[in-house]
Amino acid sequence: MQPVQRQSMSEKIQEEILGLISKSSFKQCYAKLEQLQKQFPNAVYFKILETYVRFKQSPAKFDYKKLLDEPYGFKGTKITGDTRSLEFLHNFFVELGRYDEALHVYEKGNFKFPSYELSYHWFTKALEDSNYNQMSKASLQLAKYSDSGNLPKRAYYFWNAVSTLALMRFQKNTLSEPKKAVLAKLASQSLLDLKPFQNVQEIIVYCLVLDELFPESREISEEIVAVTFVNFDTSVNLYLKNFILKHVKLLDSPQKLFEVCSKLIEKGLDDYELIINLIDAAYRLSKTQEELQRWIDRNLGDSRNTRLARLKIDIVYANAVSESSLSYYLSKYHNKPCCSVDLNHYANHIDMAMLKNVMAKYDPEGEDLIHHCNALELRLFENHWINDYNKFKETLIKKPVTDYSSCSKFILELIKSICKETNPDLKDILLCITILENYQTNDPHNFDTMCWLIVLYMYLGLVPDAYFHFSNLKIKNVQTDSMDYMIFTRFSTLFPNKQGDFYSKTFREHNNLYDVSLNNLPRYIQVAFERNSYSKVLGMFEMKDKLTKSYTRWMKTLENLQFSRLCNDKRGNLLQKLHADWRSLEMSGNISFSDNRDLSILDNNSAQFLSRDKILEYANLNDESILLAFIRELIIEALPTGEKTKEITALLEKLPLGDIKELLNNNLTEVESISFQIFFEIYENDGKELHDLISKLVEIPTNAKKNWKISHIYLTKIATLKTLDGLKRVKSKDIQKLIKNSLKELRACCDDIFKEYSNDLTHAFEELQNSESSKLLKELDFKPESIKTIKNSLLSIQKNVRNL
């Protein structure tokens, strides 16, 4: 019971000391620690706490080398085995960006006070830090004390192999070539010594080591095929099948390939990849087409794969798909969503006239919606989207309400043809919204059309309308990372509303995903290790890496900081979180970002909508734009001190070589670019050109584009000027006056800017009703939308913006 009491006491003391630090009550900190050190003179923990207090009291004057590096760094002589002290030391080093030293304290502690418990703490802390090199070291240490643990010794060698695989997969750039070779040899030899393997999970790790850590060779392939084939069982996942196929093909033996594929199929695996490799092997072995077809039918029966296999057999044996094979496939799948995907894969080997005739046999009256969509996607006749929609719109009434219809394909092709334009006309955007809103009444759960409605409203800057449809998507869990870009990209300069559900509920709930997931993942990974579920571990590492580097996560964090500047909110906690997240990114071993956004939901070629003055420009992000926004926030944080930081210098060096202005113009909007230049000018040159840059910012026309850029330009100007207005570093009376006057003039014209935009929308709506486009709405039997709803949405934005 005693250790539990001590741990509880130390946690309480730490909480008390950190609380005093947050209040800057340093005298009380020292008094408390002095009392504790008298009471526990040999406790290293309180000495480390005192060092931390000195650092927090005066970070700039803190003597890192003398107070932390010399006693506890790589060559430090003060070594402890106390896990609480080690954890605090680790966190201290991490806060200072000394990631190698942070885990080295565990390595040193384990060397002097070797134990299973300490090795396990070392392993789990390395796992949390994504330091796979240290995980690999700690796992080998664990094997030495397996008698004290819950797992047999062999388990820790598999932990070591998985850690090495993660190191090579995610942090390869941190290793020299000789180091890679040594680690690969160590991992493979350790596993070889454990043969025979006891379960499929062990075989998977062994195969991964051979497959990923060594160059291709016949010897490697023969070993993988041998070990997987003997142990294959249909109840396992497809890892083993993938290993067998990859390496039996590398052996270039059609006899062996046929043997492997046929035996796996005989065991019950109806897998298309196996079937097509069986077909290739049979052809090379001069087996007849009839013999092969009978074998497949006998062993697999009737399925999508076996019907599709007939097409593949025709292509391999005759280089063209026969009418009988095509008819056999289409008789069952002509009106299934998979049809066009399957046949387009073999389009170069199918006679289009024959395909058109065969397809027509299965829907002679042309009444099957999915059949018709497949024919369109197979390019069997020209698109007539309006006629097609009208032909099948009755199916919308007959379908279950919660299902969504393929009729949306006709509508969306029409929408995309309009939205591909650069600077699309306001009238055309309103036409698209009218079409989609009308369609949505008959197909209310259609995900694809809702996504396009969100994009169109966002393009106009009408965030409340976009948010209404976004809420109906019911986005949750990891899906938020792939979908939130639609509504939250540049949100601080599009809809700065603190009170509504948009920010206070949805933004916060969705943003919480990252902290919850990243906090929980290490524990899930730990459990997977302990349960020998090795095949899951690398996937969870990948998920952790993607969430840590997520475009959406970083975009929302940086937008939130700009939002706090707009609203004059305190930014201390947000900045603290920003630095902690950046440290996590640095610890990943590769400073980069991960684009996890699902842009394909809008179009398979979504890039055509993302460029400047296109419909999705507001959501255009890349590594450079995120890094520039991050640097901007660090610069703003550093400006009051008047000092240049090593962190900003290092980040500026990471930017692509060339002219900074060109980089800004290529990756940010015009107003974002000049805003960045303003803060950079103060930071780099003490504001010598500040007057000209502020004038340049103010001169950017706010309403040149009739879309989201009206709010974006206005609010970016406000955010920039308000930040400047609060900077004591700007001492020039002329510039101070310019800032205040510019703010005053900008606020004075706020209502006029939005009223003008409201009038433009009204005019465009009237134009729409009196143009050729109104005939299109009549053809579709769609009613004009009420402009009142759109104007009310704009008015709510105006009210929020006016108060800033």
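State whether one or more residues within the stretch 423-437 are aliphatic (A, V, I, L, M) and surrounded by fewer than 18 Cβ atoms within 10 Å (Cβ to Cβ). First the steps, then the outcome.
Step one: of the stretch 423-437, the residues aliphatic (A, V, I, L, M) are 426, 429-431, 433, 435-436.
Next, from what is left, pick out any that are surrounded by fewer than 18 Cβ atoms within 10 Å (Cβ to Cβ): none.
No, the stretch 423-437 contains no residue that is aliphatic (A, V, I, L, M) and surrounded by fewer than 18 Cβ atoms within 10 Å (Cβ to Cβ).
Take the stretch 329-339 and flag every residue that is out of contact with any Phe, Trp or Tyr (no Cβ under 8 Å at 6 or more places or on another chain) and over 17 Å from residue 272 (Cα atoms). Full working, then the answer.
Start the filter on the stretch 329-339 by keeping residues that are out of contact with any Phe, Trp or Tyr (no Cβ under 8 Å at 6 or more places or on another chain), which leaves 329, 332-333, 336-338.
Matches in the stretch 329-339: 332, 336, 337.
How about the stretch 52-87: which of its residues are surrounded by fewer than 17 Cβ atoms within 10 Å (Cβ to Cβ), of a type in the set (Ser, Thr, Tyr) and assigned to a helix (DSSP H, G or I)?
Of everything in the stretch 52-87, just one residue is surrounded by fewer than 17 Cβ atoms within 10 Å (Cβ to Cβ), of a type in the set (Ser, Thr, Tyr) and assigned to a helix (DSSP H, G or I), namely 64.
Is it the case that the stretch 493-509 has a residue that's farther than 26 Å from residue 209 by Cα, part of a helix (DSSP H, G or I) and in contact with a Leu (Cβ under 6 Å, 6 or more places away or on another chain)?
Initially, the stretch 493-509 is screened for residues farther than 26 Å from residue 209 by Cα, giving 493-509.
Adding the requirement that they be part of a helix (DSSP H, G or I) leaves 493, 501-509.
Filter once more, so that each one left must be in contact with a Leu (Cβ under 6 Å, 6 or more places away or on another chain): 493.
Yes, that holds for at least one residue.
Kindly provide the set of residues from the stretch 387-414 that are assigned to a helix (DSSP H, G or I), of a type outside the set (D, E, K, R) and either surrounded by fewer than 18 Cβ atoms within 10 Å (Cβ to Cβ) or without any contact (Cβ under 8 Å) to a residue 40 or more places away in the chain (or both), ordered by number. Walk me through it before giving the result.
Within the stretch 387-414, the first condition is being assigned to a helix (DSSP H, G or I), and the residues that meet it are 387-392, 394-398, 407-414.
Still in the running and of a type outside the set (D, E, K, R): 387, 389-390, 392, 395-397, 407-408, 410-412, 414.
Selection gives 387, 390, 392, 395, 397, 407, 410, 411, 414.
Take residue 727 and decide whether it is assigned to a loop (DSSP other than H, G, I, E, B) and either closer than 30 Å to residue 644 by Cα or touching a Cys at 6+ places or on another chain (Cβ under 8 Å) (or both).
Numbers: assigned to a loop (DSSP other than H, G, I, E, B): yes; either closer than 30 Å to residue 644 by Cα or touching a Cys at 6+ places or on another chain (Cβ under 8 Å) (or both): yes.
Criteria met by residue 727.
Say we look at the stretch 524-560 and pick out the residues that are without any contact (Cβ under 8 Å) to a residue 24 or more places away in the chain and of a type in the set (Lys, Arg); which of these is nearest to residue 240 (Cα to Cα)?
Per the stated criteria, the residue is 536.
Count, please, the residues in the stretch 353-396 that happen to be among the acidic types (Asp, Glu) and either in contact with a His (Cβ under 9 Å, 6 or more places away or on another chain) or within 19 Å of residue 442 (Cβ to Cβ) (or both).
Here is the first cut: in the stretch 353-396, the residues among the acidic types (Asp, Glu) are 363, 365, 367-368, 377, 382, 388, 394.
Right, trim to either in contact with a His (Cβ under 9 Å, 6 or more places away or on another chain) or within 19 Å of residue 442 (Cβ to Cβ) (or both) and you get 363, 367-368, 388, 394.
The qualifying residues number 5.
Just a yes or no: is a residue in the stretch 767-775 in contact (Cβ under 8 Å) with a residue 40 or more places away in the chain, surrounded by 14 or more Cβ atoms within 10 Å (Cβ to Cβ), touching a Leu at 6+ places or on another chain (Cβ under 6 Å) and outside any helix (DSSP H, G or I)?
Scanning the stretch 767-775 turns up no residue that is in contact (Cβ under 8 Å) with a residue 40 or more places away in the chain, surrounded by 14 or more Cβ atoms within 10 Å (Cβ to Cβ), touching a Leu at 6+ places or on another chain (Cβ under 6 Å) and outside any helix (DSSP H, G or I).
Specify which of the listed residues (682, 635) is farther than 24 Å from residue 593 by Cα, assigned to a helix (DSSP H, G or I) and out of contact with any Cys (no Cβ under 7 Å at 6 or more places or on another chain). Outline the logic, then answer.
On the way: 635 fails: farther than 24 Å from residue 593 by Cα.
None of the others qualify; the one that does is 682.
Mind checking whether some residue in the stretch 35-49 is of a type in the set (A, V, I, L, M), within 40 Å of the chain's Cα centre (by Cα), under 29 Å from residue 645 (Cα atoms) and at pLDDT 85 or above? Give the steps one after another, and end with the answer.
Step one: filter the stretch 35-49 for residues of a type in the set (A, V, I, L, M), giving 36, 43-44, 48-49.
If we keep only those that are within 40 Å of the chain's Cα centre (by Cα) as well, we get 48-49.
Add one more test, that the residue is under 29 Å from residue 645 (Cα atoms), and what stays is 48-49.
Right, trim to at pLDDT 85 or above and you get 48-49.
The answer is yes, given that some residue of the stretch 35-49 is of a type in the set (A, V, I, L, M), within 40 Å of the chain's Cα centre (by Cα), under 29 Å from residue 645 (Cα atoms) and at pLDDT 85 or above.
Given (1) closer than 21 Å to residue 14 by Cβ; (2) not in a loop (DSSP other than H, G, I, E, B), where does residue 104 come up short, assuming only one miss?
In the conditions (1) closer than 21 Å to residue 14 by Cβ; (2) not in a loop (DSSP other than H, G, I, E, B), residue 104 misses (1) alone.
May I ask you to say which residue of 306, 288 is free of Cβ contacts under 8 Å to residues at least 40 places away in the same chain and over 19 Å from residue 264 (Cα atoms)? I'd like the intermediate steps shown before the answer.
Values: 306 fails: over 19 Å from residue 264 (Cα atoms).
One residue alone meets the criteria, 288.
Just checking, how many residues over the stretch 528-544 are in a helix (DSSP H, G or I) and under 14 Å from residue 200 (Cβ atoms)?
Residues flagged as in a helix (DSSP H, G or I) and under 14 Å from residue 200 (Cβ atoms) within the stretch 528-544 amount to 3.
Does residue 752 satisfy being on the phi < 0 side of the Ramachandran plot, over 41 Å from the mean Cα position of the chain (by Cα) and surrounded by fewer than 12 Cβ atoms within 10 Å (Cβ to Cβ)?
Numbers: on the phi < 0 side of the Ramachandran plot: yes; over 41 Å from the mean Cα position of the chain (by Cα): no; surrounded by fewer than 12 Cβ atoms within 10 Å (Cβ to Cβ): yes.
Taking the combined requirement at face value, the residue does not satisfy it.
Select from the stretch 107-150 the residues that are assigned to a loop (DSSP other than H, G, I, E, B), closer than 25 Å to residue 585 by Cα and either touching a strand residue (DSSP E or B) at 6+ places or on another chain (Cβ under 9 Å) or among the small types (Gly, Ala, Ser) (or both) and list them in ascending order. Walk me through how you get there before you give the answer.
Step one: of the stretch 107-150, the residues assigned to a loop (DSSP other than H, G, I, E, B) are 113-115, 129-131, 145, 149-150.
Restricting the remaining residues to those that are closer than 25 Å to residue 585 by Cα gives 129-131.
Correct list: 130 only.
Which is touching a helix residue (DSSP H, G or I) at 6+ places or on another chain (Cβ under 9 Å), closer than 30 Å to residue 373 by Cβ and in a helix (DSSP H, G or I), of 326, 278, 292? Quick ask: steps written out before the conclusion?
Values: 278 fails: closer than 30 Å to residue 373 by Cβ; 292 fails: closer than 30 Å to residue 373 by Cβ.
Going through 326, 278, 292 in turn, the sole match is 326.
Starting from residues that are under 18 Å from residue 496 (Cβ atoms) and modelled with pLDDT of 95 or more, keep the ones in the stretch 725-746 and report whichever is surrounded by the fewest Cβ atoms within 10 Å (Cβ to Cβ).
As a first pass, look at the stretch 725-746 and keep what is under 18 Å from residue 496 (Cβ atoms): 725-726, 743, 746.
Subsequent filtering for residues that are modelled with pLDDT of 95 or more retains 743, 746.
Details: 743: 18, 746: 16.
Here the residue is 746.
Checking the structure you have, find out if any residue of the stretch 246-262 is among the hydrophobic types (A, V, I, L, M, F, W, C), in contact (Cβ under 8 Å) with a residue 24 or more places away in the chain and surrounded by fewer than 17 Cβ atoms within 10 Å (Cβ to Cβ).
First pass over the stretch 246-262, keeping only residues among the hydrophobic types (A, V, I, L, M, F, W, C): 248, 250-251, 257-258, 260-261.
Pick out the ones that are also in contact (Cβ under 8 Å) with a residue 24 or more places away in the chain and you get 248, 250-251, 257-258, 260.
Okay, now just the ones that are also surrounded by fewer than 17 Cβ atoms within 10 Å (Cβ to Cβ), so 250-251.
Taking every residue of the stretch 246-262 in turn, at least one turns out to be among the hydrophobic types (A, V, I, L, M, F, W, C), in contact (Cβ under 8 Å) with a residue 24 or more places away in the chain and surrounded by fewer than 17 Cβ atoms within 10 Å (Cβ to Cβ).
Given the conditions (1) in a helix (DSSP H, G or I); (2) among the basic types (Lys, Arg); (3) surrounded by fewer than 22 Cβ atoms within 10 Å (Cβ to Cβ), which single one is not true for residue 717?
Result: residue 717 fails condition (3) only.
Consider the stretch 16-33. How many of its residues are among the charged types (D, E, K, R), loosely packed, with under 12 Cβ neighbours inside 10 Å and in a helix (DSSP H, G or I)? Step through it out loud before you land on a result.
So in the stretch 16-33, the residues among the charged types (D, E, K, R) come out as 16, 23, 27, 32.
Right, trim to loosely packed, with under 12 Cβ neighbours inside 10 Å and you get 23, 27.
Next, from what is left, pick out any that are in a helix (DSSP H, G or I): 27.
Residues flagged as among the charged types (D, E, K, R), loosely packed, with under 12 Cβ neighbours inside 10 Å and in a helix (DSSP H, G or I) within the stretch 16-33 amount to 1.
Looking at the stretch 257-265, can you tell me whether even one residue there is among the aromatic types (Phe, Trp, Tyr), part of a helix (DSSP H, G or I) and more than 33 Å from the chain's Cα centre (by Cα)? Step through it out loud before you land on a result.
Just the residues of the stretch 257-265 that are among the aromatic types (Phe, Trp, Tyr), to begin with: 258.
Imposing the further condition that a residue be part of a helix (DSSP H, G or I) reduces the set to 258.
Filter once more, keeping what is more than 33 Å from the chain's Cα centre (by Cα): 258.
So far as the stretch 257-265 goes, yes, one or more of its residues are among the aromatic types (Phe, Trp, Tyr), part of a helix (DSSP H, G or I) and more than 33 Å from the chain's Cα centre (by Cα).
Taking only the stretch 681-699 into account, find how many residues are surrounded by fewer than 18 Cβ atoms within 10 Å (Cβ to Cβ) and closer than 29 Å to residue 757 by Cα.
Looking only at that region, the number is 4.
Which of the residues belonging to the stretch 783-797 are surrounded by 19 or more Cβ atoms within 10 Å (Cβ to Cβ) and not charged (D, E, K, R)?
The answer is 790, 793, 794, 797.
Out of the residues in the stretch 435-485 that are assigned to a helix (DSSP H, G or I) and β-branched (Val, Ile, Thr), which is farthest from residue 513 (Cα to Cα)? Spell out the reasoning first.
Initial filter on the stretch 435-485 (assigned to a helix (DSSP H, G or I)): 435-442, 447-460, 463-472, 479-483, 485.
Of the ones still in play, those that are also β-branched (Val, Ile, Thr) are 435, 441, 449, 454-455, 463, 480.
Values: 435: 35, 441: 32, 449: 26, 454: 22, 455: 23, 463: 22, 480: 8 Å.
Among residues in the stretch 435-485 that are assigned to a helix (DSSP H, G or I) and β-branched (Val, Ile, Thr), the one farthest from residue 513 (Cα to Cα) is 435.
The values are calculated or read from the model by the stated rules, or taken from the named source; none is laboratory data. What you are looking at is a predicted structure, and each value in this text was computed from that prediction instead of being measured. Positions of Cβ are backbone-derived with ideal geometry, glycine not excepted, and every protein chain shown enters the neighbour counts.
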